[in-house]
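To start, the structure itself, in structure tokens.
Every number here is computed from the coordinates shown, using simple stated rules; none is lab data. This is a predicted model, so every value here is computed, not measured. All Cβ positions, even for glycine, are placed from backbone atoms using ideal geometry, and neighbour counts span all protein chains on display.
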Amino acid sequence: MLDPSLFGRLSFTPAEPSRSRLPPGRNRLGIAADRDAVLFVPTGLDEHAQVPLFVMFHGAGGFPEKVLPFLEEHAERHKFLVLAPHSMFATWDIVIGGHGPDLERLHRALVEVTSRYRIDRAHLAFGGFSDGASYALSTGITNGDVASHVVAFSGGFMSIFTQEGTPDIFIAHGLVDEQLPIGTSGRANAAKLKSAGYAVQYVEFNGLHVIEPAIIGLAVEFFLR
């Protein structure tokens, strides 16, 4: 029998937290000596309440600190965690050749976070920008029993071999995206997912291949509603 991870399936199952919480701000998780994942913790979290978690995957050539600033203000205001993994290579494994080390590192990061925080499973998003959005779409839909929401900012493609669960999906794409044309990426992805029966909120904006702060705000509202 083939290993489900070859098809992008996570083996992650949250357990009851047994370790101390991390201090407010950015914290390296220690899951890797190089290219470690980073967790942003807002101030004033209720120690007894479940906490929403937004997993944000960076674009090609990026790193956690490049995407965290777009979400940290919202996380501080609305009191949710932001987990920013770091791809093993210059971009995510599925872009290069298939699921592998990045899926394993995502599993380890999720285990680390849930060992310290009781996560609100109804508000656990897989999101990303560009190649990270492609990774979020692919991994989130494949693991819709883990991710309650999938958020794609200017994503290119989806690599899906199996579908589990029914996550709500937010897709945003620039009308004049110079790297990933909207017709063959954002619009095509939204249409495919709608036809497959997913609840999709699709937003087009007058911009290039960028993360728009206003669109981040819409995505956060979608995630927390």
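For this structure, a couple of remarks:
- The dipole here belongs to segment 1-142: it is taken about the Cα centre, uses +1 on the Cβ of Lys and Arg and -1 on the Cβ of Asp and Glu, and is about 200 debye.
- Model label zone, Asn206; criterion: amide N under 16 Å from point 7 Å along Cα-to-beta-carbon; scope segment 167-192: 173-177
- Per-bin percent of Cα-Cα distances, segment 38-161 [5 Å]: 2, 12, 23, 27, 19, 11, 4, 1, 0
- The loop-placed trypsin sites (Lys or Arg not before Pro) in segment 1-89, going by DSSP, that have at most 13 neighbouring Cβ atoms within 10 Å of their Cβ come out as Arg19, Arg21.
- Distance between modelled label sites at Ala199 and Ala32, nm, 7 Å Cα→Cβ extension: 3.4 nm
- In terms of its alpha-carbon gyration tensor, segment 97-144 comes out oblate; a/c meets the 1.5 threshold, while b/c is at least as large as a/b.
- Gap separating the Cα centres of segment 132-187 and segment 61-116, nearest whole Å: 15 Å
- Considering only Asp168, Asp120, Asp36, the Gaussian network model of the chain with Cα springs below 10 Å gives its largest mean-square fluctuation to Asp120.
- Only lysines eight or more places from Lys79 in sequence, or on another chain, were considered; those with a Cα closer than 26 Å are Lys66.
- The shape of segment 1-109 comes out oblate: with a ≥ b ≥ c from the C-alpha gyration tensor, a/c is at least 1.5 while a/b does not beat b/c.
- Gain upon complete extension [Arg21, Asp3; 0.36 nm per residue less C-alpha separation]: 3.2 nm
- Separation of the His107 and Glu47 label points, Cα + 7 Å toward Cβ, nm: 3.3 nm
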